[in-house]
Structures are given as structure tokens and as C-alpha cells.
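The values are calculated or read from the model by the stated rules, or taken from the named source; none is laboratory data. Keep in mind it's a predicted model, so treat the numbers as computed, not measured. Cβ sites come from the backbone with ideal geometry, for glycine too, and all protein chains shown count toward neighbours. Note: accessible area is taken over every heavy atom of the protein model, side chains too, but ligands, DNA and RNA are not part of it. Shrake-Rupley method; radii C 1.70, N 1.55, O 1.52, S 1.80 Å.
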Amino acid sequence: MKSILFIVAIFSCLQASTQSDSINLNEVVITATKTERSLISVPMPVSIIKAKIISMSGSSRLQDILSEQNGLSIVPQINGFGNGLQLQGLNPDYTMILIDGEPLIGRLTGNLELNRITVANIKRIEIVKGPSSSLYGSEALGGVINIITHSPEVSKLNLGLKYASNNTLDASLQTNLIKNDLSISVFGNHFRTAGFDLSPNIYGQTVSPYYNSTLQLKLKKDFRERHIFSLSGKSYFETQENEYQVVNGLDSIRVFGHAYVKDFSLNPQYKLKLANHTFINTSVYGSFYETNTQLFKNDSREVYYTDSFQQLFIRPEIQASCYFQDFQKWTAGIGSAFESVKTSRYADSEQRNQQTNFVYIQHEWTIKNRFEIVSGIRYDLNTIYGSQWSPKFAAQWSVGKRWKLKSSFGTGFKAPDFRYLYLNFKNAAAGYFVFGTNELKYQIEKLKNNGEIQQLFYDVNLIGKLDPEKSMAINAGFQFYYNANGHVDVNFFRNDLEGLIESQPIALTIDQKTIYSYSNIKRAFTQGLEFSVIHKLNFGLHIEMSSQILFAMDKEILDQINQGQVFGRDPISKETYRIKKSDYFGLYNRSRHTESLKLFYENKKHHWDASIRLIYKGKFGISNTAGSVQGNIRPASDINGNSILDQYDQFVDGYILCNVSISKNLLDKFRIQLGADNLFNYIDSDHIPSLFGRNLYLNVNYKLYKK
């Protein structure tokens with residue numbers, strides 16, 4: 001609350017200032033409705049990250065830029081290594097990530113590895129908060145992030161080269177060719193890093209060296225502005241060079257080997273323009289994702305660990321949009337999504353298939369230029385989990401020229417995917433096992449009979465059949481345009497979840513490997529308040545301030561606390577005490593407070609710009625994820641043995657990251673940038689192993705040709 005009052009005070013000062021450089025109110029977004037709408041007319045909470053802000057920030061990977069946005073948090077994966085994206089306190093599984101409107105696949109543990117996406121060819125990123133299942137289906141329960149890459153608009157050739165700490169190199173090339181009605185764009189990127197080491201006393205590195213390459217092709221042919229054919233394709237290759245120490249109980253093993261990642265996608269589209277602003281778009285999107293890992297023992301050269309994963313996704317879809325009247329627009333779509341997964345992580349390694357047929361309709365209505373109403377509904381029919389309806393309703397009321405009141409309501413669902421049921425994943429390299437619900441009892445009994453179980457954390461008989469997760473969410477707030485140069489956004493959100501699936505620590509083996517499975521938390525919620533101010537001053541200063549207060553609770557735990565059934569035990573004195581409602585902090589990996597202050601300055605006269613971004617993340621707790629890659633044990637927060645997060649537990653302290661950059665444009669062709677991420681070198685190797693410390697970089701861009 002103090003932070004919000006601080007922001008309000010600064011906002012009051014800004015309001016009193018004089019400005020001349022106005023904010024563009026006519027920016028167009030497409031993700032919220034699958035149609036083009038001006039940003040200020042969208043009744044759902046939507047935000048945009050433009051290419052200019054990405055460039056001034058000096059970011060090179062998607063994770064870098066998203067971690068600075070209000071309401072988004074980067075959280076570690078189940079083993080404590082790698083990262084996922086949390087939106088409004090919801091797990092990374094519930095946010096659909098799109099590239100040019102098509103879904104990114106490859107969720108090995110529910111998270112998408114954001115570092116595999118370069119930002120060098122991104123035109124803008126659109127973020128839609130709240131359920132979007134009515135348009136996008138299952139994975140959009142919490143929201144949608146759409147990464148829109150540059151389309152060939154002018155002929156040009158751009159080169160970019162970035163060198164950073166840890167011998168990190170990021171090189172990009174993009175060329176566009178426009179001739180008559182044909183446009184072609186080719187983009188290539190190569191990234192490599194030597195990794196880093198936070199524990200020099202342990203053999204190997206915390207993050208091993210890896211390199212990857214991205215190639216993207218976009219082609220568009222416009223036949224008399226009526227028939228538009230487009231084709232986009234993307235390929236991605238990554239190689240990881242692993243060499244580290246695996247802690248295995250009292251033993252430790254040194255291993256080496258490689259891991260490979262491949263990702264391909266192809267998306268042909270045909271768009272037909274008819275009279276009365278009617279558009280019919282036909283597309284077929286196909287994507288293939290594959291990983292392979294093989295590790296060998298250093299001493300004997302014997303195979304120590306192997307892992308493979310293959311996923312195929314194909315989705316044909318037809319979408320039509322039509323204005324029957326100037327103030328009403330209808331959009332409808334029909335399609336079918338086929339998905340198959342084959343992995344060594346399942347007990348029988350057989351290919352699993354599922355198909356989802358879907359149809360949706362949406363109505364957009366503008367009433368007297370003051371009311372904007374969007375309503376829609378989608379029907380999904382899955383071959384495994386049956387059918388699901390996903391409705392939504394959103395409205396905006398413009399009160400005069402300055403105020404816009406908006407609210408949206410929607411429901412979403414997420415069907416359990418194959419890994420929740422069939423996973424049989426023994427990651428000896430990271431020191432943990434994960435069993436799907438169909439495998440758990442058999443595997444636990446087998447380990448018991450072999451005398452390998454040291455402690456049971458959870459009654460396996462309580463792990464039963466998983467149900468689809470469902471949500472009902474509301475977002476309500478306002479935008480206040482206090483003048484042409486700035487506005488305030490306030491949004492209250494609440495997501496009520498039924499059957500939320502969480503990873504559940506089940507047992508610990510005698511060699512200190514944690515065994516996980518999955519269970520439905522019957523009822524949970526996330527709720528909070530988001531507040532932001534965007535302001536531009538007449539001398540080229542752009543200011544963004546934002547704050548989020550988040551409460552994420554398990555409702556059943558709250559009921560048990562209210563009934564006096566939850567206790568804690570002091571690990572030293574062994575004293576037992578009753579947990580009160582005020583003691584309960586909530587779900588793991590959620591900070592109560594996150595804040596940011598970002599300043600972007602541009603001097604057009606002397607052709608230079610600079611940025612300072614301060615990102616604060618409040619204290620949070622970590623669940624029992626005893627990952628042990630590279631010998632690092634990630635300690636759990638729960639120290640009083642009640643399996644919930646309360647005030648008596650050991651929290652990860654809140655911290656502030658400071659990122660800075662300064663750039664100079666020369667001869668209208670060169671751009672040179674110096675920067676530092678995590679300027680004050682914050683490190684917490686035990687709890688945040690992905691944060692390696694200060695990152696210094698030099699970035700050079702050269703525009704060879706533009707016409």
C-alpha cells in the first residue's frame with residue numbers, strides 16, 4: 001500500500017507539469033478479440049511492449065523483457081532450474097504464449113523455456129490478462145501473450161551484434177525484399193554463452209554452456225488487395241554442453257554429455273477480402289518440438305542418464321469476420337487441433353494422441369461511441385476429456401474524454417495433459433522423480449519393497465483421478481487520461497480456480513531424491529490490485545510506474561485453519577503451535593508485492609537515449625523442490641513441517657534489480673549501446689540459481705540499406 005501511495009504522489013507531481021509530446025491513443029491490438037481494435041477501445045486489460053522499448057532496454061531474450069512487466073513474474077521450474085511465466089499469480093501452465101498468433105509448444109514440465117525466444121525481430125508484444133479460452137481454448141485460462149514479429153514493410157538489411165558477460169554473443173540479421181505485391185523477410189539469429197558458476201567449490205558450472213540458432217521466413221503475396229496469401233516458417237536448434245556433478249545421497253557422480261532441442265513450425269494462410277468488410281482467413285499451423293539428452297559418467301564413460309521428448313501439433317482453422325453494420329462486428333471460427341506426444345518419460349514410451357474440435361463466435365458492439373461491448377463463447381470437444389463451454393463478456397464505458405470504466409468476466413478450463421497421467425520421469429541428474437497419477441502407487445510400492453523410501457510426505461491414496469482445471473475470473477478497473485501525455489490504469493482481478501493441479505511432493509528416497517506427483521487443489525484463488533502510471537514529458541522522458549498486490553490462497557487450507565486443524569512445530573524447541581489465518585501467507589512462489597519504476601529518455605537532437613529500470617520483487621516461499629543439478633540443493637521454505645507457507649517459515653528475501661542502458665545513433669545507420677543488467681550484482685545462489693549477477697554488455701546495430 002505504501003508503494004501505491006508513493007506512486008500516487010509522483011503521479012500528482014507529473015499531472016501538474018506541462019507537456020507537449022503526447023501518447024499515441026490509436027495503437028492497434030489484435031490479440032484480445034482476434035480482430036484489429038484500437039487499444040483504448042478494448043474492454044479487457046491489455047498492455048503493449050513496443051519494439052522501441054525493447055531496443056532501449058537492451059534485452060536480447062524474451063524472459064528479459066517480460067520480467068520487467070507489471071503483473072508478470074518469472075518463476076523457476078519444478079527442479080529449481082529454468083524459468084516459467086506467472087501471470088496474476090497463476091501458474092505458467094495457464095498462460096498461452098503465441099508467436100504471430102500461433103501457439104508455442106514444448107512444455108516439458110508445464111513451463112515454456114522463454115530463453116529460446118530472441119527479441120531481435122519482435123515488432124511488439126501484446127499481453128491480455130484474464131481468461132481468453134473463449135477464443136484460444138484450454139491453455140489460455142489465465143491470459144495470452146502474443147509475440148508479433150516484424151513483417152516485411154520496407155526493403156532493408158539490418159545487422160545486430162551483442163557481446164555480454166559470460167562470453168555471451170547474440171548476432172542477428174534481417175533482410176526484407178519488397179517487389180510489387182510480393183514481400184519476403186528472412187531473419188536469422190545465433191546465440192551462445194559460456195554459462196556461469198555460482199558454486200566454484202563444486203565441480204562443473206551452475207549453468208552449462210549452450211548455443212542456439214533461429215531462422216525465420218515470412219512471405220506475403222497480395223493479389224489486387226483481395227486475395228492475400230502468406231507463408232511463415234521457423235526453425236530453432238539448441239545444443240547444451242553439460243559437464244557437472246550430480247549429488248546422489250552421500251555419493252556424488254561427475255557426468256558429461258549433450259542435450260539437443262529442435263523446434264520447427266510452418267503456417268500457410270489464405271485471406272479473402274469481400275464486400276462490407278468481410279474477411280475469411282484459412283490457415284493450417286503445424287509445429288514439431290523435440291529434445292534429446294544423454295549423460296555419461298566421467299570415470300567409466302558409461303551411459304548415466306538419457307531423456308527424449310517429441311511433440312507434434314497440427315491445427316487447421318477457418319475464421320470469418322464481418323461488419324453487418326458499422327457499429328457491430330461478428331467473428332466466428334471453426335477448427336480442429338491434433339496433438340501427439342512420445343517421450344521416454346512415460347512408462348511405456350508409446351505415442352499418445354488427442355484431438356480437440358472447436359467452434360467459437362464473438363460479437364463486438366459499439367453503442368453511441370461511449371459503450372464497447374464484447375461477448376463470445378467457445379465450445380471444445382476433446383477425445384479424452386470430453387466437452388467444455390467457455391463464455392466471456394466484457395464492457396467499457398467512456399465517461400467523458402478522460403475516464404474509461406471497464407470490466408470483463410470469463411471462464412476457462414485446462415484439461416490435464418499426458419504428463420499428469422503417465423509421467424515416469426527419473427531425473428537422476430537433478431535428483432528428483434516425477435510420477436503421473438496413473439503410475440504413482442505402483443512406483444511407490446516398488447520403491448518401498450526395495451527399501452528405497454526414507455520418508456512419505458503425502459498419503460498416496462489421496463492421489464486419485466485428476467479432473468480438468470476450471471476457472472472463473474473477473475477484471476474490473478478504470479483508465480484515467482489526465483491529459484494527452486499520460487494515463488493511470490487501475491485493475492482489480494480475481495481468479496477462482498476449481499481443481500487446480502499442483503505438483504505435490506510425495507516422498508523422499510534414502511539417497512535424498514524427492515518424488516513428486518500431481519493433485520487437484522479443490523479450490524484456490526488469486527486476487528489483487530494492479531496499478532500503473534505511464535507519462536511522457538516534453539523533453540523526451542518516458543516514465544512507467546507500476547505496482548501489484550497479490551493474494552494467492554488455497555481455500556481448503558483456509559478452511560482447515562478456521563477449524564483449528566493446522567499446526568506448526570518449531571524445528572529447534574519442538575514446541576507445537578496452532579496456525580492462525582493471519583499466519584498463512586498463501587501459495588508458494590508468489591510475492592505479495594511487486595513494483596517497478598522505469599525511466600526512458602530520448603534526446604532526438606543529439607541522437608542518443610538511455611534507460612533506468614528498477615524492479616522489486618517482495619519476499620516469497622519455495623516449495624519442497626530438492627533439485628541437485630550441479631550439486632546445489634535448493635532448500636524448501638517450510639521449516640515447521642506443516643506443508644504450507646506461513647509466517648514461521650523461511651522466506652526468500654525480497655530484492656531489487658537495477659537495469660541500465662545508454663545508446664547513441666551515428667550517421668543514421670549505426671547504433672551503439674552500453675548497458676548493465678542487475679547493476680548492483682544481487683545474487684542468491686541457493687534460491688535463485690538462474691540469476692548470475694551483474695551482466696555487462698555492448699550492443700552494435702548497423703542498418704545497411706533502407707528504401
So the check is Cβ under 9 Å with 6+ separation or different chains; which pairs have a first residue in the range 221-246 that's on the phi > 0 side of the Ramachandran plot and a second one that's at pLDDT below 90 and open to solvent by 50 Å² or more (accessible area, probe 1.4 Å)?
Arg224/Asp181; Glu225/Asp181; Glu225/Lys273
From Leu295, Leu272, residue being more than 30 Å from Thr149 (Cβ to Cβ) and assigned to a strand (DSSP E or B)
Leu295
Farther than 27 Å from Ala395 by Cα and either outside any strand (DSSP E or B) or in contact (Cβ under 8 Å) with a residue 60 or more places away in the chain (or both): does that describe Phe338?
no
If you go through Phe256, Phe191, Phe187, the only one that is part of a strand (DSSP E or B), open to solvent by 20 Å² or more (accessible area, probe 1.4 Å) and of a type outside the set (Val, Ile, Thr) is Phe256
Of the residues Asn538, Asn603, only one is in contact with an Asp or Glu (Cβ under 6 Å, 6 or more places away or on another chain), surrounded by fewer than 18 Cβ atoms within 10 Å (Cβ to Cβ) and farther than 30 Å from Leu141 by Cβ; which?
Asn538
Under 30 Å from Ser252 (Cα atoms) and of a type in the set (Val, Ile, Thr) - does that describe any residue in the range 520-527?
no
Among the residues of the range 446-475, which ones are in a helix (DSSP H, G or I) and either crowded, with 16+ Cβ neighbours inside 10 Å or among the acidic types (Asp, Glu) (or both)?
Leu447, Val460
I'm checking my understanding of the structure. Among residues of the range 547-577 that are in contact with a Gly (Cβ under 8 Å, 6 or more places away or on another chain) and either open to solvent by 30 Å² or more (accessible area, probe 1.4 Å) or closer than 20 Å to Leu597 by Cβ (or both), which one is modelled with the lowest pLDDT?
Pro571
Anything in the range 339-355 that is open to solvent by 50 Å² or more (accessible area, probe 1.4 Å) and either among the aliphatic types (A, V, I, L, M) or at pLDDT 95 or above (or both)? List them, or say none.
Ala347
Single residue of Phe296, Phe358, Phe313 found to be crowded, with 16+ Cβ neighbours inside 10 Å, touching a residue at least 40 places away in the same chain (Cβ under 8 Å) and within 30 Å of Glu243 (Cβ to Cβ):
Phe296
Residue hits (the range 88-108; assigned to a loop (DSSP other than H, G, I, E, B) and either within 18 Å of Asn70 (Cβ to Cβ) or open to solvent by less than 20 Å² (accessible area, probe 1.4 Å) (or both)) are Gln88, Gly89, Leu104, Ile105, Gly106
Quick one: would you say Ser503 is part of a strand (DSSP E or B) and at pLDDT 85 or above?
no
Looking at the range 510-530, can you tell me whether even one residue there is assigned to a strand (DSSP E or B), more than 27 Å from Ser390 (Cα to Cα) and touching a His at 6+ places or on another chain (Cβ under 8 Å)?
no
Given the residues Val490, Val434, which is the only one that is buried (at least 21 other Cβ atoms within 10 Å of the Cβ) and of a type in the set (Val, Ile, Thr)?
Val434
Regarding the range 588-603, can at least one residue be identified that is outside any loop (DSSP other than H, G, I, E, B), modelled with pLDDT under 90 and among the acidic types (Asp, Glu)?
no
Of all the strands (runs of 3 or more DSSP E) wholly in the range 368-414, which have at least 2 residues that are in contact with a Leu (Cβ under 6 Å, 6 or more places away or on another chain)?
386-399, 403-414
Within the range 415-445, how many residues are assigned to a loop (DSSP other than H, G, I, E, B) and under 24 Å from Gln205 (Cα atoms)?
4
Specify the residue that is nearest to Tyr270 (Cα to Cα); the eligible residues are those in the range 204-253 that are of a type outside the set (Lys, Arg) and outside any strand (DSSP E or B).
Glu225
Among the residues of the range 145-172, the number that are among the aliphatic types (A, V, I, L, M), more than 23 Å from the chain's Cα centre (by Cα) and farther than 26 Å from Asn695 by Cα is 2
When the range 149-177 is examined, which residues are found to be farther than 25 Å from Tyr697 by Cα and touching a residue at least 60 places away in the same chain (Cβ under 8 Å)?
Ser151, Pro152, Val154, Ser155, Lys156
Within the range 277-312, work out how many residues are farther than 27 Å from Glu238 by Cα and in contact with a Phe, Trp or Tyr (Cβ under 6 Å, 6 or more places away or on another chain).
2
Could you check the range 320-334 and list, in sequence order, the residues that are farther than 12 Å from Thr33 by Cα, open to solvent by 90 Å² or more (accessible area, probe 1.4 Å) and under 31 Å from the mean Cα position of the chain (by Cα)?
Ile334
